[in-house]
Each structure stands twice: as C-alpha cells, then as structure tokens.
Amino acid sequence: MQPETPKAEAIAYHGWGFDRQCWQPWQAKFAEQGIPLKAFDRGYFGASTRPTFEYPESHKIVLAHSYGLHLCPSQQLRVADLVVVFGGFHRFHPDEPKAERRSRRVLQQMISQFEQDPDQVLQAFWQNCGLPPRQWPDRSTKVLQPLAHDLQDLDHSLLCIEFLARRPRVLVVHGREDAIAPLSQGQDLAQELFNNAELIELNGPHALPFTQIEACWEAIQPSLTAIL
C-alpha cells in the first residue's frame, strides 16, 4: 500500500553558525499538522545534507533563518507556495550609510578574528543571537572552511529578489531586538517584495525562531491553514 501523499511538505534552512538541529522543535510541530519538514545542513558542525522536495502534488513550504535564505536553492524558491523568512535580509549590510559602514567594520573584525580564534567569534555570535554558550568539539578544516567561507560571503551576498517576489505568499518575521540583522533589514526586505509579503514584528533576538518558538508558530499558523 502506497503511503498517503501529504498536503504539504517543507524544507528549513539555518543561517550562519547554526545547523539542522535547531529545527527539531519545528519538525515536531509540522509533524502534528501532517507536514514532513526536512532540515538543510551546511555542514558547519557535522555532516552536510541537501534535502529536496519529494511530492509533486503537495504544497511546498520553505523556512529560512537569516543567511539560510541565501543558501536556499533558487529552484526551491521558484516552486514554494509559502516562504517564511526569519531574521532575513536582501543583503547583510544595511542601506543607511552610517549603519553600513559600522556593519562592514564589525564583519571584517569577525573575519579577522575567526582566523585566530574561531571559538571566540562563534561564542560571541551566539550570545548576540540570544543563545547560551555551545560546545563544538570538531575544529577540523572540514568544519572551519565553510564557516570561514560563508562569513566572508556575508560581505557581498545578494539575494535574487525576483524568486521571492513571484511567490504567492511570503512572511517576513523579524525580531525587534535583533542585534545581528536589525529590524530595518526585515522591513526593507518586505518593502522590496511589494504586495506579496507580510511583515510580522515580534519581540525577540536574531535567534527568534529558536528562542520564541510558540510566538513564531502562532504568527505563521494562519498562512499554513490557508494553503492547507
């Protein structure tokens, strides 16, 4: 007997300095709705994984946190019925000149420090995201290379906005206390997407979908219900 095709399927993308484990609570919540949620992993702290959509007839959902929006393949954005962006941005540096200069300076400091002491950079980053300290025993070249590469990529990575602009439903969920990608970044992204994006501002830091899970889930529930 063939398994029943789910009404929807989802793929989640983490940002810089995270891995697929951060989406485990979300996988449980989606499972309660009968939606399989697979989590992408860049391979920062272990094996990498590149999930794909499996069911042609199911609705497609993409969740992306921060830089994870830039890691999501364009072919998946092209077919998504719902895209939920947490703490995301069109480009990492703000448009306002003074804020852009400060952002570039801080990022360059992180890049330089990462070469000398990657643990210090990551611990400070997680703290600024609103997360507690974390142990990551694997400091191999295999782990450090993608972290260093993507940290540098943040300086110039530019989202191809047209893929999002054509999606029928985009939620831009942003924390008011985001110290990594300020709220203005989410506001700008939503504005660039014109009428097909809804901006949802919540109290919380950059790690919003992992520290304020219930608030984020409540915020996206109406859109999930609509496509189901």
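Quick note: the coordinates plus some simple rules give every number you see, no bench work behind them. Being a predicted model, the structure only gives us computed values, none of them experimental. Here Cβ is always computed from backbone atoms with ideal geometry, including for glycine, and neighbour counts include all displayed protein chains.
Observations on the structure shown:
- Its residue count N fixes a reference of 2.2 N^0.38 Å for the chain, and the Cα radius of gyration divided by that reference is 0.99.
- Phi to ³J(HN,Hα) by Karplus 6.51 cos²θ - 1.76 cosθ + 1.60 over region 184-192, Hz, x for Gly, Pro: 4, 5, x, 5, 5, 4, 4, 5, 5
- With the helix formula -39500 (n - 2.57) applied to DSSP H stretches of n ≥ 4, the chain reaches a computed 222 nm mean residue ellipticity of -12500 deg cm²/dmol.
- Most positive-pole-ward Cα, V143, G34, C216, against dipole of the chain from beta carbon charges: V143
- Counted charge near C160, where neighbours are those whose Cβ lies closer than 13 Å (Asp, Glu -1; Lys, Arg +1): +2
- Couplings 3J(HN,Hα) of region 156-171, computed from phi: 9, 4, 10, 6, 6, 5, 5, 5, 6, 4, 8, 6, x, 8, 10, 10 Hz, in residue order, whole Hz [Karplus 6.51 cos²θ - 1.76 cosθ + 1.60, θ = phi - 60°; x for Gly and Pro].
- Under 5 Å between amide hydrogens, built in the peptide plane, is the criterion, and for L199 it picks out V172 among residues at least 5 positions away or on other chains.
- Region 214-228 versus region 1-50: alpha-carbon centroid distance in Å: 17
- Annotation: average projected area of region 67-182 is 8.2 square nanometres, based on the convex hull of Cα atoms across all directions.
- Whole-Hz Karplus values for region 115-124 come out as 5, 8, 8, x, 5, 4, 5, 5, 5, 5 Hz, taken residue by residue from phi with 6.51 cos²θ - 1.76 cosθ + 1.60 and θ = phi - 60°; glycine and proline positions read x.
- The orientation-averaged projection of the convex hull spanning the C-alpha atoms of region 150-209 amounts to 4.4 square nanometres.
- Within region 143-228: Cβ-based charge dipole about Cα centre, in debye rounded to nearest 20 (Lys, Arg +1; Asp, Glu -1): 300
- Sorting V170, V143 by the number of Cβ atoms found within 10 Å of their own Cβ, with the fewest placed first, yields V143, V170.
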